[in-house]
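The values are calculated or read from the model by the stated rules, or taken from the named source; none is laboratory data. Keep in mind it's a predicted model, so treat the numbers as computed, not measured. With ideal geometry, Cβ positions are generated from the backbone for all residues, glycine too; neighbour counts draw on all protein chains shown.
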Amino acid sequence: MTKKTIILIGFIILKFVLQYVLLSPEYDLQRDEYLHLDQAHHLAWGYLSVPPVTSWFSYLIFLLGNSVFWVKFFPALFGALTLLVVWKTTELLKGNLYALVLGATCILLSSLLRINMLYQPNSLDVLCWTAFYYVVIQYITTEKSKWFYIGAIVFAFGFLNKYNILFLLIGFFPALLLSKQRTILANKKFYFASILGILLILPNLLWQYNNHFPIVHHMKELAETQLVNVDRIGFLKEQILFFIGSIFVILSAFYALLFYKPFEKYKFFFGSIIFTLIVFIYFKAKAYYAIGLYPIYIAFGAVFLSDVLNSGWKKYLRPVFILIPILLFIPIYNLAFPNKSPEYIVKHPEKYQKLGMLRWEDGKDHALPQDFADMLGWKELARKTDSVYSTLENPEKTLILCDNYGQAGAINYYTKKGIKAVSFNADYVNWFNLNILYKNLIRVKEFEEDNDEIKETSPYFKTAKISGEITDKFAREYKTTIFVFTDAKININKRIEQEIKEEKNYDK
């Protein structure tokens, strides 16, 4: 085993260790994770929230026991593979051991630690962006046609994971057309590979068509409720923060792509990142959508710096570029991860507020970062719902209806009684079991100052009561209430069918 291989294995082991130790056990899973895990029980070629790949890994996690260890393992794995791809890109660009260590350090101690902490499509999205760029570099270096087909497979897999990878092509092709490498587009095998890519994503496109393109409705809703609060200047500031320890390496890559002769044939990569960022800014995208752009540029920058710092007094600067991401990681370690208790964060909000971490999707500041607040209260909700469910007569004829997918997913993940909570929110609208004639209703409802649930729903049942609420004041779901209605006087199933039909009417 070579020295380089031993060092690479060390980085990968450290990556996995960090992903587990940066998460305090007092936090639950994050709300999105519950939805993705529930998709394992409803395999399909598409979902209202994401394409199908996440459900495949969710099913694998389910087969492995559905424990938190495996939930956290896969995003950590995708992060480790991203590091590996950057390492291989650095080798391909003829980087020496210093370049390899510098690039790996920059990838390891970056925002990817935060991204790879959660079981969401984002970790695999970053990996697919990085792998696609690596494939492009491989083709330009070797001119072997097999890389067209590998690129098509990587893109298709990325597309079936998260549609965000479309922005890669939107920014990539204008840069390619303006460069000498546009001759790629004259190669007929490029088009054969493109057909392969289209065939691979076709099942999902057909699913979108058969379901009236819910992605359009989803993006419209996202733009109206979340992206409207995105600040374009804030977007650019966050780009710097994502890889703050690597900023000089990335800037070196930009310079090298323009003026460093060994990188002349890769010059269009500079235009690619510029075009892609412009598109993201125009659409007021969330800042983290662009994270997949940067890992490949760290490889370019590391190789360039290893060359220019190779002799004379400059060689003494080599340790500095490795120390920068390490030293800057210390304050990031203390702020960016849920490794501090909610009580600590509430008592020390200044640094979090200064970095904009307390700003939620609603554009307002709150007590905790949104992701952290989204990791609290779920076990409590599931436990209390489970307890109520056990006391009912004919519990198997009880509908558990939640306001949002986080509530439904958390109940389904933690319960031991085979409960299947649903919601009219997100994918759950397609997962109602209408083969059961429901008699009872457990209604899980977000807190409202003037909550009229009892008044509105009790006329349709013989009994009605409030059974409990989430008491964790730091949870985003704080005061979410559990209502219990028994012995229905009406046909609940018909009301459900009507609600589902209205929810699926996307035009409204």
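When the criteria are applied in full, Ile140 meets the requirement of being touching a Lys or Arg at 6+ places or on another chain (Cβ under 7 Å), surrounded by fewer than 24 Cβ atoms within 10 Å (Cβ to Cβ) and either at pLDDT 95 or above or not assigned by TED's automatic domain parsing to the domain that holds Tyr266 (or both).
Taking the criterion of being of a type in the set (Ser, Thr, Tyr) and within 12 Å of Gly292 (Cβ to Cβ), the residues of the stretch 111-133 that qualify are Ser111, Ser123, Thr130, Tyr133. Within the set Ala367, Ala299, Ala336, the sole residue that is surrounded by fewer than 17 Cβ atoms within 10 Å (Cβ to Cβ) and in contact (Cβ under 8 Å) with a residue 60 or more places away in the chain turns out to be Ala367. Residues of the stretch 143-166 that are over 16 Å from the mean Cα position of the chain (by Cα) and not in a helix (DSSP H, G or I): Glu143, Lys144, Ser145.
Might you check whether a residue that is among the hydroxyl-bearing types (Ser, Thr, Tyr) and over 21 Å from Gly46 (Cα atoms) occurs anywhere in the stretch 153-170?
Looking through the stretch 153-170, none of the residues is among the hydroxyl-bearing types (Ser, Thr, Tyr) and over 21 Å from Gly46 (Cα atoms).
Looking only at the stretch 302-333, which residues are of a type in the set (Gly, Ala, Ser) and free of Cβ contacts under 8 Å to residues at least 12 places away in the same chain?
If the condition is that a residue be of a type in the set (Gly, Ala, Ser) and free of Cβ contacts under 8 Å to residues at least 12 places away in the same chain, then Ser311, Gly312 are the ones that fit.
Looking across the stretch 19-60, the residues that are assigned to a helix (DSSP H, G or I), modelled with pLDDT of 95 or more, under 21 Å from Asp374 (Cβ atoms) and hydrophobic (A, V, I, L, M, F, W, C) come down to Leu35, Leu37, Ala40, Phe57.
Restricting attention to the stretch 347-378 and to residues that are at pLDDT below 90 and aliphatic (A, V, I, L, M), the residue that is nearest to the chain's Cα centre (by Cα) turns out to be Met357. Among residues that are among the hydroxyl-bearing types (Ser, Thr, Tyr), free of Cβ contacts under 8 Å to residues at least 12 places away in the same chain and in a helix (DSSP H, G or I), Tyr289 is not included. Cβ separations smaller than 7 Å between residues 6+ apart or across chains give the following pairs from the stretch 47-64 residues that are within 13 Å of Asp32 (Cβ to Cβ) to residues that are part of a loop (DSSP other than H, G, I, E, B): Val50/Lys162; Thr54/Asn161.
Listed here are the residues, each with its yes/no results for (1) within 21 Å of Ser390 (Cα to Cα); (2) of a type outside the set (D, E, K, R).
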position: Ile442; (1), (2): yes, yes
position: Glu446; (1), (2): no, no
position: Glu449; (1), (2): no, no
position: Thr457; (1), (2): no, yes
position: Thr463; (1), (2): yes, yes
position: Lys473; (1), (2): no, no
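When Leu241 is tested against (1) buried (at least 18 other Cβ atoms within 10 Å of the Cβ); (2) at pLDDT below 90, exactly one condition is not met: (1).
From Tyr59, Tyr27, Tyr119, grab the single residue that is of a type in the set (Ser, Thr, Tyr), buried (at least 24 other Cβ atoms within 10 Å of the Cβ) and closer than 22 Å to Gly406 by Cα.
Tyr119
Once the stretch 252-296 is narrowed to residues that are among the basic types (Lys, Arg) and more than 30 Å from Asp371 (Cβ to Cβ), the residue that is surrounded by the fewest Cβ atoms within 10 Å (Cβ to Cβ) is Lys261. When Ser111 is tested against (1) under 25 Å from His36 (Cα atoms); (2) without any contact (Cβ under 8 Å) to a residue 12 or more places away in the chain, only condition (2) is not met.
Which condition breaks for Asn425 when tested against (1) surrounded by 14 or more Cβ atoms within 10 Å (Cβ to Cβ); (2) at negative phi; (3) touching an Asp or Glu at 6+ places or on another chain (Cβ under 9 Å); (4) touching a residue at least 24 places away in the same chain (Cβ under 8 Å)? All conditions pass for Asn425, except number (4). For Phe192, the criteria (1) surrounded by fewer than 16 Cβ atoms within 10 Å (Cβ to Cβ); (2) under 21 Å from Ala426 (Cβ atoms); (3) at pLDDT 95 or above hold in every case but one, which is (2). Among the residues making up the stretch 370-397, those that are surrounded by 22 or more Cβ atoms within 10 Å (Cβ to Cβ) and not in a helix (DSSP H, G or I) are Asp374, Met375, Leu376, Gly377. So in the stretch 439-468, with the set limited to residues that are under 13 Å from Thr480 (Cβ atoms) and of a type in the set (A, V, I, L, M), which one is surrounded by the fewest Cβ atoms within 10 Å (Cβ to Cβ)? The qualifying residue surrounded by the fewest Cβ atoms within 10 Å (Cβ to Cβ) is Ile466. Taking every residue in the stretch 134-149 that is touching a residue at least 24 places away in the same chain (Cβ under 8 Å) and pairing it with any residue that is of a type in the set (Ser, Thr, Tyr) and assigned to a helix (DSSP H, G or I), at least 6 positions away or on another chain, the pairs with Cβ-Cβ distances below 6 Å are Tyr134/Thr89. Taking each residue of the stretch 253-280 that is in a helix (DSSP H, G or I) and looking for partners that are buried (at least 20 other Cβ atoms within 10 Å of the Cβ) and of a type in the set (Ser, Thr, Tyr) with beta-carbon atoms closer than 6 Å, six or more apart or interchain, yields Ala253/Tyr297.
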